[in-house]
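Trainee: Before we start, here is the structure in question, set down as C-alpha cells.
The values are calculated or read from the model by the stated rules, or taken from the named source; none is laboratory data. What you see is a predicted model; the values in this text were computed from it and never measured. Cβ atoms come from the backbone with ideal geometry, glycine included; neighbour counts cover every protein chain shown. The accessibility values were calculated without ligands, DNA or RNA, using every heavy atom of the protein model including side chains. Shrake-Rupley method; radii C 1.70, N 1.55, O 1.52, S 1.80 Å.
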Amino acid sequence: MKKIIFILLIIAISLPLYAQKNDQENVPKKTFSFARQSFEIGIDAGLGFDNNLVKVGDLLDPDKQIDGKAIIDLNEFAGRLGDNGLNLNAAVDTGFYVNLLNINLFGSKWELGIFAGADGNINFNLPKSLFTLVSEGNVNQTLFTGNISATGGIYADVGVRASGKFGKLRIGATPSVFAPLIYIPRTGIDFTLNTDTNEGLSFDADGGISIYSPFSQLFDDNLNIQNVSSINLGFDISAHAQLDLFPFLDVGGSISNIPVIPAKMKDRLAVSLDYEIPPTTISTIIDGGLEIPEFGDETLVYGYRSDSEVFVVRPLRFDVFTRYKPFSNEFIVIRPNIGMSIDINNKEPLFNTGIGVQLNIVDLLIINIGTDYTETIWTHHAGLALNLRFFELNLRASLRSSDFKSSFDAQGFGFNAGVRFGF
C-alpha cells in the first residue's frame, strides 16, 4: 500500500513538470525580423498617367522622325483605338501617417494611427469617330457622332485608424474627414456631323463640362490671385477584417469610404457649347450660301458659375482577398483579390480584381509584383522595400492603360516612392 501511495505521489509531482515542459515546447519561438515594433512615421508620394493611343516607342523610333521630330501617323493611331475611343487618365496618391504599434489594450494587441493625404484620378475621353474622320475622311462613313467627356475627382483627407488582433481575427476601422479638391461629374459635349452631301452638310454640338473646385476662382481674368472659396468637408468610414483561417491561408475583406456626411460644392469652372450649322447642300456651298455662326457668348461659355450646388462623396469600394502562404509563413505570399467600386456621384459600378506575389526576407528586403484591374485601369507593377527598422525605403514602378493589350506597350506609367522611420 505504501508503495502504491509513493508511486502516485511521484506521478502527481511529475505531472506539473511535464505539463510545464510541453507548454514551453508549444510556445512559438520568435523569429528575427527587421519589422518595427513600437512606432513609425511614413511619407508616400505617387503619380500615374496613361493613354491607349501613343506609345513611348512612337516618340523615340528614329524611323518615325524627321529632323529629330516625331511623325504622327493618324491612320496607324486610329487603328489602335477600340470602340471606346481615346482615354486619358491621370492619378495621384500622396500621404503622411504616424502609427503606434503593438499596444496592449483590452487583452489584445492594437495598432493606432493618424494620417493625412490626397488621392484620386481624372479621366478624359474623345470618341473614336473623331479619329476616324481625321484619318479616313468621309469616304467610308458620312455620319459622325460622339461625346467628348470628362469625369473624376481628387480628394484630400485626414483621419485616424485603429485595428486590434483578437485571436486569429484582426479587425479595424478608419473614420476620416475629406475635402474634394477637384470634382468633375460625368459631363460632356454631344456632337453630330453629317457629311452626306445629298442630305446636306450639317453639324450640331451641345453640352458642357463642369469642374468643381474651391480653387476654381483662384485667378481672375487678368490672372491675379483671388481668395480661395470656403472648403466644405465630408465624412466617411472604412472598415477591414482578416482571419488567419489556416497557417497557410488568410482570408479578409474591406469596405472603403462608407458615406456618412457628403461634402457640398458650389463653385465651378464650366465650359459649355451650343453650336449648330443647319443642313446645307453642296450646291448652296458652291453658291456661297453657307453661313457659319461665330462662336460667342451664346454658343461657347467659359467662366465661373455658382448657381448650383452638388453633394459629393468618395467612391465606395468593396474588396475580398485571400493570402496564400505556401510555407505557412510570410516568406512568400500570393494575394488574389476581387471587388467593385461604386461611384455614387455618377451612379456607376466598376469591377476590380488583381493578383500579387510578395517575397519577404525577415522584413529586411520585400519584393512584390502584381497585376490589377481597378476602376477601368490595368496596372502591372513591381516594387521593393529595403527596411533597416529605423529607416525604410519603398519604391514601385508600373505600366498602366485602360486597355489590357495596350498596358504592355508602354502607353502609361506610374511611380510611387515612400520612406518610413521608426523602431
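Trainee: Under the 0.36 nm per residue contour assumption, what length would be gained going from the current alpha-carbon distance of Leu395 and Leu359 to full extension?
Mentor: On the way: separation 36, 0.36 × 36 = 12.96 nm, distance 1.47 nm.
Extra length from Leu395 to Leu359 when fully extended: 11.5 nm.
Trainee: So, one more: Rounded to the nearest 10 Å², what accessible area does Val333 have for a 1.4 Å probe in the complete protein model?
Mentor: Val333 exposes around 10 Å² with every protein chain in place.
Trainee: Once you have the Cα-Cα distance between Val419 and Lys165, take 0.36 nm times their residue separation minus that, and quote the gain in nm to one decimal.
Mentor: Between Val419 and Lys165, full extension yields 88.9 nm more.
Trainee: Separate question: Tell me the trypsin sites (Lys or Arg not before Pro) within region 377-416 that lie in a loop according to DSSP and have at most 14 other beta-carbon atoms within 10 Å. Don't skip to the end; give the middle numbers.
Mentor: Working: sites: Arg389, Arg396, Arg400, Lys405; in loops: Arg389, Lys405.
Those satisfying the criteria are Lys405.
Trainee: Right, here's the next one. On a 27 Å Cα-Cα criterion, which of the cross-link pairs Lys168/Lys347; Lys168/Lys325; Lys165/Lys264; Lys128/Lys405 come out too long?
Mentor: The pairs that break the limit, which is 27 Å between Cα atoms, are Lys168/Lys347; Lys165/Lys264.
Trainee: Which residues' amide hydrogens lie under 5 Å from the amide hydrogen of Ala410, considering only partners 5 or more residues apart or on another chain, with H built in the peptide plane?
Mentor: Sorted by chain and number, the residues that satisfy this come to none at all.
Trainee: Taking a probe of 1.4 angstrom, what is the accessible area of Asp363 in Å², to the nearest 10?
Mentor: 40
Trainee: A further question on this structure: Take the Cβ-Cβ distance between Glu348 and Phe408 as r, set R0 to 22 Å, and report the resulting FRET efficiency rounded to the nearest 0.05.
Mentor: Efficiency, from the Cβ-Cβ distance: 0.25.
Trainee: What list of ³J(HN,Hα) values in whole Hz, one per residue of region 115-120 in order, does the Karplus curve 6.51 cos²θ - 1.76 cosθ + 1.60 (θ = phi - 60°) give from phi, with Gly and Pro shown as x?
Mentor: 8, 8, x, 8, 7, x
Trainee: Moving to a separate point now. Using the Kirkwood radius over Cα pairs, work out the Stokes-Einstein diffusion coefficient for region 135-198 at 4 °C and 1.567 mPa s, in µm²/s as a whole number.
Mentor: Approximately 76 µm²/s, per Stokes-Einstein.
Trainee: Along the three principal axes, how long is region 86-218 when you take its alpha carbons, biggest first, rounded to the nearest angstrom?
Mentor: Rounded to whole Å, the extents work out to 83, 39, 18 Å.
Trainee: Rank these residues by their accessible area, most exposed first, probe 1.4 Å: His240, His380.
Mentor: On the way: His240 75, His380 25 Å².
Sorted descending by solvent-accessible area, the residues read His240, His380.
Trainee: Now for a separate question. Can you compute the FRET efficiency between Glu276 and Leu233 using 1/(1 + (r/R0)^6), with r the Cβ-Cβ distance and R0 = 45 Å? Round to the nearest 0.05.
Mentor: According to the calculation, E is roughly 0.60.
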